[in-house]
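The values are calculated or read from the model by the stated rules, or taken from the named source; none is laboratory data. Because the structure is predicted, anything quoted here is derived from the model rather than measured. Here the Cβ positions follow ideal geometry from the backbone for every residue, glycine too, while neighbour counts run over all protein chains shown. Protein only, heavy atoms only, side chains kept; ligands, DNA and RNA dropped before computing areas. Shrake-Rupley method; radii C 1.70, N 1.55, O 1.52, S 1.80 Å.
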Amino acid sequence: MQAEGSISLQISATKDVLSKQLAEFVIQKAAEAKREKGKFVVALSGGSLPKTLAKDLVTDDCKTRAEFSSWHVYFADERCVPLDHEDSNYGLSKTELFDKVDIPADQIYPIDPSLTPEECAAAYAKSLEAGIGEGIPVFDLLFLGIGPDGHTCSLFPGHPLLQENSKTVAHILDSPKPPPERVTLTYPVLNAAKEVVFVSTGSSKKDAMRSILKDPNSELPAKLVRPSNGSVTWFIDQDAADGLKN
Ligand SMILES: O=C(O)[C@H](O)[C@@H](O)[C@H](O)[C@H](O)COP(=O)(O)O
């Protein structure tokens with residue numbers, strides 16, 4: 001049975017407009033989380049997301065309102081490479097965001113790339129437990145991307161990981177999107193989140209967007225992210241939205 005939760009769609013004329021709207025959305029969610037519990041626990045994806053998220057959020061106007069000192073940042077998926085490797089999602093987010101705002105270093109939780117992918121996934125699951133709590137970790141906000149094939153995190157179409165429902169963090173050795181060795185949050189965690197933001201831009205995403213938002217029978221990995229007690233908000237630009245026209 002597909003989990004239920006609200007789905008909102010925010011279509012922006014351009015990627016630049018999307019970044020501005022996304023920044024204001026995030027500022028509001030960060031303020032709510034800080035008021036409620038004194039911290040804002042998020043997970044970032046890689047790809048184009050960090051740049052799109054940071055573009056406006058690091059401006060003087062936004063960063064004074066974003067409560068960055070209360071952010072606790074994990075990774076929705078990560079490549080099993082050194083943290084300074086060009087493929088590292090941590091390294092990408094450090095360049096685009098962490099080096100430009102005041103998130104305390106001990107509130108950013110990278111993987112341990114010295115471990116094997118399997119050990120790394122198990123260690124990261126323990127890191128989530130230590131930082132967020134026993135059982136299924138509940139994130140305040142997950143920042144997810146989507147591939148042209150409808151994958152999200154490192155959950156790819158037809159991959160056995162789509163059926164993983166006991167581990168909170170799993171490893172993959174055959175990612176169709178290079179590099180092949182990664183760790184990823186699994187659906188139990190994605191579907192326990194309070195808020196999920198998908199950022200999808202560019203014409204390469206239009207077919208996946210049409211399938212996910214128009215086809216009730218779509219089984220694309222990103223479509224299966226439906227938090228039972230949370231909201232999903234799609235931030236898409238016009239190019240990605242072109243697939244939604246009849
Ligand atoms: O580590 C990764 O590769 C990402 O987490 C991945 O899931 C990404 O979000 C999608 O592939 C979309 O990437 P783009 O936004 O660059 O198209």
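A few comments on the model shown:
- For the residue pairs K167/K194; K63/K245; K63/K194, the C-alpha atoms sit more than 25 angstrom apart in K63/K245.
- Potential lengthening between L162 and E86 on full extension [0.36 nm per residue; Cα-Cα distance subtracted]: 24.6 nm
- Within segment 2-244, percent of DSSP bridges classed antiparallel, to nearest 5: 25
- Segment I136-T64, extension gain: residue separation times 0.36 nm, minus the distance between their alpha carbons: 22.7 nm
- Solvent exposure of V101, expressed as accessible area, is near 20 Å², computed with a probe of 1.4 Å over the protein chains only.
- Taking the 1.4 Å solvent-accessible surface of the chain as the whole, the part contributed by carbon and sulfur is 51%.
- Contact order normalised by residue count of segment 2-244, Cα under 8 Å, 6+ apart, percent: 25
- Share of Cα-Cα pairs in the chain lying beyond 26 Å, as whole percent: 33
- Placing a label point 7 Å from the Cα of E129 along the Cα-to-Cβ direction, the residues of segment 141-170 whose backbone N falls under 12 Å from that point are 167-169.
- Estimated from the Cβ-Cβ distance and a Förster radius of 51 angstrom, the FRET efficiency linking N217 and T116 is about 0.85.
- For the chain, a simple Cβ point-charge model (Lys and Arg +1, Asp and Glu -1, everything else neutral) yields a dipole of about 640 debye relative to the Cα centre.
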